[in-house]
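The values are calculated or read from the model by the stated rules, or taken from the named source; none is laboratory data. Computed from a predicted structure; not experimentally measured. Using ideal geometry, Cβ is built from the backbone for each residue, glycine included, and neighbour counts are taken over all protein chains shown. Keep in mind that these areas ignore ligands, DNA and RNA; they rest on the heavy atoms of the full protein, side chains included. Shrake-Rupley method; radii C 1.70, N 1.55, O 1.52, S 1.80 Å.
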Amino acid sequence: MPLVPPYIESLQPYKPGKPIEEVKREFGLKNVVKLASNENPIGPSPIALEEMKKHFAGLHYYPNGGYDLRMVLARKFNVKFENVITGSGSEGIMSNIIRTFLCDADEVLTTESAFIGFQVLARSRGVKYRTVPYRNWAYDLPAIADQINKNTKIIYLANPNNPTGTIFSKPEFDAFYKKVPERVLIILDEAYFEYAQENPSYPDSMKYRYDNVITLRTFSKVYGLAGIRIGYGFAHEELIGNLLKVKLPFEPSTLAQAAGIGALSDQEFLEKSVRINSAGLKFLTKALRELGMEAVPSQANFVMTVCKSEKDANFIFQELLKRGVIIRPLAAFGLSDCLRISVGTKEENQALAANLKKVLVKLPSVG
Ligand SMILES: Cc1ncc(COP(=O)(O)O)c(C=O)c1O
């Protein structure tokens, strides 16, 4: 008798981007550039680090379940404490959402090739996972609305989306929301919100505090804190109340909470990160296009390119790796002919462009 259900057995474990040390060892390289996991290339927020230090001496005490950070977030975003949740990254909260709201006959609805972290979590619950194809590499919201049925329980929308970097607009979301029954929970995953918020057509979900909408945000991207695991969410107090029943009591850790509080006060770091990203994104998009590659217009801290074939994508990924540039192949997302490149520092972006130029000349389908 099998020990695990078939829906677990058929899953593939999450494969993170290759670590720098492993690539150095494998190819005997001194310098390696990692543009694979949409991390902040300038490091963590210095105020976050300072705030963490203040808590070292108290680490023999258990954490307080995110209480302090929830207070700070409630004040900053002008909502009630009861409307806020914190967790081990936004994925930690996603995991709680899956466990709290999904029963066996329920279905999840989202786009094809959605953020891999969500795909894995939803599939591990063994419920039906239904997807709708992209339209121009963006969520096809009208088509998703048409696919809602009596079993649809959760709709997952990442805005900006990973891995395509695209957004849906305010009018698109307004029209979509009207077609979603109240019994359906909409997850608005805004992991890349800070990079897109200046775009006037971007629908900031804090302006959409509907009872069936959960907003998820993270400190992993613009605040450079991916390694400490801290994220947060906003929703109706009843939804949050139920999530809190399921959450691990001591999540987030004391240091993660402190980092989050420090980061939120670090406006200077936030602005610097967004500025560097904006210039880097422009550079990478232009560089890809000048090299004859497609660059999907992105509103996040990465850009997706569509290759002529899966073979080309693998070749480019492997050849860049040998030269010490790690990017992200997207086969695991379900896009085997696509590659995702995170925005790095100016020097890292230049290294990518220079190496890519050399690799493309060697591409079998070209040469
Ligand atoms: C769309 C999206 N949501 C969530 C996450 C995960 O964020 P966290 O580190 O807060 O778990 C990522 C990370 O890549 C992401 O791309």
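Report the FRET efficiency, 1/(1 + (r/R0)^6), for Lys286 and Gln12, where r is their Cβ-Cβ distance and R0 is 45 Å, rounded to 0.05. Before the final figure, lay out the partial values.
Values: r = 35 Å, r/R0 = 0.77.
For Lys286 and Gln12, the calculated efficiency is 0.85.
For the chain, with all protein chains present and a 1.4 Å probe, just round the carbon and sulfur fraction of the accessible area to a whole percent. Working shown, then result.
Working: 9370 of 16990 Å².
With neighbouring chains kept in place, the figure for the chain is 55 percent.
So, for the stretch 271-354, what is the accessible surface per residue at a probe of 1.4 Å, expressed in square angstrom?
Values: 3510 Å² over 84 residues.
Per residue, the stretch 271-354 has 42 Å² of solvent-accessible surface.
Mind listing the long-range amide H neighbours of Leu225? Cut-off is under 5 Å, sequence gap 5 or more, other chains count too, H placed in the peptide plane at 1.01 Å from N.
Residues meeting the criterion, in which the H sits 1.01 Å from N, are Ser220.
What residue among Phe27, Phe193, Phe317 has the largest mean-square fluctuation in a Gaussian network model of the chain, using Cα springs under 10 Å?
Of Phe27, Phe193, Phe317, the Gaussian network model singles out Phe27 as fluctuating most.
Can you work out the FRET efficiency for the pair Asn78 and Leu248, with r the C-beta to C-beta distance and R0 = 25 Å, to the nearest 0.05?
Numbers: r = 28 Å, r/R0 = 1.12.
About 0.35, to the nearest 0.05.
Using 0.36 nm per residue, how much length does the chain from Ser169 to Lys272 gain when fully extended, once their Cα-Cα distance is taken away?
Values: separation 103, 0.36 × 103 = 37.08 nm, distance 2.54 nm.
Answer, rounded to one decimal: 34.5 nm.
How large is the accessible surface of Phe269 in square angstrom, using a 1.4 angstrom probe and rounding to the nearest 10?
20
Quickly estimate the mean residue ellipticity at 222 nm for the chain, helices only: each DSSP H run with n ≥ 4 gives -39500 (n - 2.57), and the total goes over all residues, rounded to 500. Can you show the working numbers first?
Numbers: 14 runs with 145 residues, N = 367.
Theoretical 222 nm ellipticity from helices: -11500 deg cm²/dmol.
Under a plain spin-label model, where a point goes 7 Å from the Cα along Cα-to-Cβ, how far apart in nm are Glu237 and Glu112?
4.4
Pull out the extension gain between Leu59 and Tyr210, defined as 0.36 nm times the separation in residues minus the alpha carbon to alpha carbon distance; nm, one decimal.
Values: separation 151, 0.36 × 151 = 54.36 nm, distance 3.80 nm.
So the extension gain works out to 50.6 nm.
Taking 0.36 nm per intervening residue step and subtracting the Cα-Cα distance, what contour gain separates Lys311 from Leu3 on full extension? Walk me through the intermediate numbers first.
Working: separation 308, 0.36 × 308 = 110.88 nm, distance 3.69 nm.
Gain in length upon complete extension: 107.2 nm.
Can you list residues from other chains, or at least 5 along the same chain, whose modelled amide H is less than 5 Å from the amide H of Glu107?
Thr152, Lys153, Ile154
For the stretch 113-161 and the stretch 1-31, what is the separation of their C-alpha centers, rounded to whole Å?
24
Return the Cα extents of the chain along principal axes one, two and three, sorted largest first, each rounded to a whole Å.
Principal-axis extents of the Cα atoms in the chain, largest first: 60, 54, 52 Å.
Assuming a ≥ b ≥ c are the square roots of the Cα gyration tensor eigenvalues, decide whether the stretch 1-68 counts as rounded (a/c under 1.5), prolate (otherwise, with a/b larger than b/c) or oblate.
On the way: a/c = 2.65, a/b = 1.15, b/c = 2.31.
Oblate, since a/c reaches 1.5 and b/c is not below a/b.
Could you state the number of Å between the C-alpha centres of the stretch 293-367 and the stretch 40-78?
Computed from Cα coordinates, the inter-centre distance equals 35 Å.
If packing is taken as the average count of other Cβ atoms within 10 Å, what order do 41-53, 86-98 fall into, highest mean first? Working shown, then result.
On the way: 41-53: 18.4, 86-98: 24.0.
So the order, starting with the most tightly packed, is 86-98, 41-53.
In square angstrom, what is the accessible area per residue of the stretch 158-247 with a 1.4 angstrom probe?
Working: 3200 Å² over 90 residues.
Per residue, the stretch 158-247 has an accessible area of 36 Å².
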